[in-house]
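Taking it in order: structure first as structure tokens, then the write-up.
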Amino acid sequence: MAPHASITAPDYRNIPHSHRLPSSNREVQRLFGKLSRSSLLSLAQQWLTKKNRDFCRPYLFSDQANDAGEETAAYEAAHSCEELIEIYKDMESRRGGRAEVRDRILEGDWRHGISMYQLATAEIQQLLDHPNALRWTAKRLAKIPNTKGASRDMEVTSESEHLPRFHAQTVMANLAKELTPLMKAHYLLTRLKTMPLTILRVYVHDSPYSSEASLASSNQSTDAAKAVYFIWPNGSPFVWISLATHLGQIVGEEARTLRDTVVSAIPKAFSRSNSRYQLVSTTFTTRKLGAMLVMRGSGKTNAAGGGWSIFADNSFSQNTLDFITTAKADALEKGKAAADNEDTMSGSKQGPGQLKRALEGPEASQADHRKRVAAGRFGSSAKPNDGRGLERFEVRIDDPFPTNVQQGGEAMDEDNARPSSRRGRKGRPSLLDRSEQEREELDNADNWCPDVRITFSGSHVFAGIRQLVEEGVVDGEKMPGWMTGEAGVTTGAVKNGRIRTKGSVPGV
Amino acid sequence: MSTVEELDNEIVNIRAQIANLQAHRSNLGSILLSSPQLSTRLEQRSASNDRQRRNASKVVKKQSDRNAENVYRACAGVTAYKVKDPDPNAVDDGNILGVRIEVSVEGRFIDTYHVLFNRPHPRHKTVLKIHKHTVPPCIAIRPLANRFLPMSQKDATTATEQDLLKFGRSLRKEIVAWHLRTAAVERLRQNAGLPDKATRAAEEQRKHPVGQVLNNFVSDGEEDSDEEERRRTRLGPVKIVAIDCDMSVSEIQVTWSDGRSATMKVMKDGRIERGVFRTKEGVRILDMSKRAIGRLEGLVERIRAS
């Protein structure tokens, strides 16, 4: 579209860091409109460091000499990068609005355009400032079983690797090799130091040209998401995928296809001869990066959700050399067992407490009891403000419909009474829930299995359920385990009152 | 103003003192409760209040239980316990066997890992399955489980013998080896005179707020943006500026101030099997690669002697 002096021909290159988008580009405007003052200042200083100058060259006095006859601009061009660094340092030390910084960047020092590198770093900064802005899906890189070397997979030797080897440059090069024939893209791979994460941002440019002019001209359609994020938690087989969209943005079919192309290239980039990888769903989707870190991260908590969290945060067992039993924190210690035998617990802990509770009447003691039941079921998870909340949790019930409803409420221990423990819940059939294994349901036709789906949604689903348990709305002792979030999935099928799990070992 | 600050300081001091004394008190308390004669003395003496005596002996019992547990845990390294799954729909009435793995590095117990088993097969009561665990994903728990615990469903034909002992032992070996490798790399950093973890993280945060960009190849080598730092590296002796490793410590990278870099492959037992050393221009340095082979410990000394 845009005429360009040099010849533009389809090529096989990536978009380099230094290609620039005009400052008036909507994408640029939108992003810089959101960044906070401190983020903008720190970004500007980062761009001006020697290391990054090649990719983020500011508009300097010498440039002004070249474009002759230009009217006087709002900002005077600086003479050197050092001078600019001083200017931004000075701005950092005093107070002011963010518009001041934004205008200086867009209309002053980078009036000739924001480079791809700047756009990418700014967007990652935005992502770190607002970790709940994007919707993430966790996948796992799983090795495709090799028929020849199957027996070797079992062994754990001194050198065996069970995780895909993540060598940043190699993965990048492989990914680019897969994608360049199909589209032009800009890649930015960065390793965070504050969190054990490596982020890859792929800016998709749906065009056969990788030139600057084609970049600038193709951005007319604003509804297409341009960037795809991948995050690898260090030392884990997971990869988190997100389509970078801003609020309320509708993602077109085209953007989805492009995203899928990028996603399908990821396992290929990891594969080597004789060890091929594929992406496997882990049925986990959330907006909160904090929740992703806890449930699909590189730490201890992946396979110990819900009430089992006490095993991960060492509140179940004290340090081996901690002999002190008289400390106040005793109440937490038994944790899991608390739900079952809290009577003996409190008895051993504080004699006078029991007396006092008896005097306060049954209500107070019941509230206390419910609190302890909730603590037993949820452990240290599902706290209202822990930043790990899931905003959506869906299950499909595959259990046969309870035939003997009368008996339901009383005899909870019997097998056929189990489904009734859920009957009181407010179930809302959801069309969004996936139906993969409906054939299987048809198989056991001797029992009637209606297609019941339950969706919980809110800002922090499991904290909400915990609160309901504490308030006595949900019976904490009869509540099925999947309502505590211990399964660590956001979509699942419930059979026999338990979420079905694949594989022999959870969480890996 | 100064008086306010003084008062604040005083308050902080007093708070610290209180915390100190409380720790001391609970310490003394547990020592007193651990004294061997205490329980018999409690039984013999006729107390005025029987209820109080019961409470006292309960507290003593608790302390002695704790002592026994801790001694077992400290000496055995892998211990088992029973817990109950609160889920009303849990298999096998929620009976859970827990296995606890202690990790001690450099004279302290630094972490505890749990693997919780249930018995999913009502008929085969001895068949265990991993229900939950707190082992980080960089430890190969799945291959170990495949090897030592029979598969639950289809692999019944190729069923391996269930061997919980061997499973626990090899899992512990993996975990401890991982911690030892991590500690060894941390020691290497100390040997090389690099700042410790906390200051390093703060420094990195200041330098790269959006993380360290890994694919900016064009102007690599101009790593140090600070004028002063660059001067220091140019004039001063060549030294190691960074030692990085991946999460499972199977690979470590060393960077020198003169642009040399090295990547080494570390075995699980902490041996460096091979390494590639390159100058800034990308030329291999063969004699350094040879010298690097050996234990992880003392790597800095070996490659420094050049």
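Please state, to two decimals, what the Cα-based radius of gyration of the range B:46-169 comes to when divided by 2.2 N^0.38 Å (N = residues).
Output field value: 1.39.
Just tell me how shielded A:183-196 is by partners: mean number of partner chain Cβ atoms within 10 Å of each residue's Cβ, no decimals.
Mean partner shielding for this stretch: 4.
About the Cα centre of the range A:23-112, how large is the charge dipole given +1 on each Lys and Arg Cβ and -1 on each Asp and Glu Cβ? Please answer in debye to the nearest 20. Intermediate results must be reported in sequence, preceding the final value.
Working: 15 positive and 16 negative charges, 137 e Å.
With only Lys, Arg, Asp and Glu charged at Cβ, the dipole is about 660 debye.
Ranked highest first by the average count of other Cβ atoms within 10 Å around their residues, in what order do B:134-144, B:288-298, B:79-89 fall?
B:134-144, B:79-89, B:288-298
Taking the range A:23-112, how much of its Cα-Cα pair set, in percent, is spaced more than 18 angstrom apart?
So the portion of pairs separated by more than 18 Å is 43 percent.
Please compute, for peptide A:42-53, the average count of beta-carbon atoms on other protein chains lying within 10 Å of each residue's beta-carbon.
Mean partner shielding for this stretch: 4.
Output the pairs from B:Lys62/B:Lys132; A:Lys184/A:Lys288; B:Lys197/B:Lys239; A:Lys371/B:Lys129 with a Cα-Cα distance over 23 Å in this structure; if there are none, say none.
B:Lys62/B:Lys132; A:Lys184/A:Lys288; A:Lys371/B:Lys129
To two decimal places, what compactness ratio does the range B:233-306 give when its Cα radius of gyration is scaled by 2.2 N^0.38 Å? Could you put the intermediate results ahead of the total?
Values: Rg = 11.9 Å, N = 74, 2.2 N^0.38 = 11.3 Å.
Cα-based Rg divided by the globular estimate yields 1.06.
Name the residues whose placed amide hydrogens come within less than 5 Å of the amide hydrogen of B:His131, ignoring near sequence neighbours (fewer than 5 apart) on the same chain.
Residues meeting the amide H criterion: B:Leu116, B:Phe117, B:Asn118.
Using only protein heavy atoms and a 1.4 Å probe, how much accessible area in total is buried between A and B, to the nearest 100 Å²?
Adding both sides of the contact gives about 7700 Å².
The values are calculated or read from the model by the stated rules, or taken from the named source; none is laboratory data. The model shown is predicted, which means the values in this text are computed figures rather than measured ones. Quick reminder, even Gly has a Cβ in these numbers, built from the backbone with ideal geometry, and neighbours come from all protein chains shown. Accessible surface areas use protein heavy atoms only, side chains included; no ligands, DNA or RNA. Shrake-Rupley method; radii C 1.70, N 1.55, O 1.52, S 1.80 Å.
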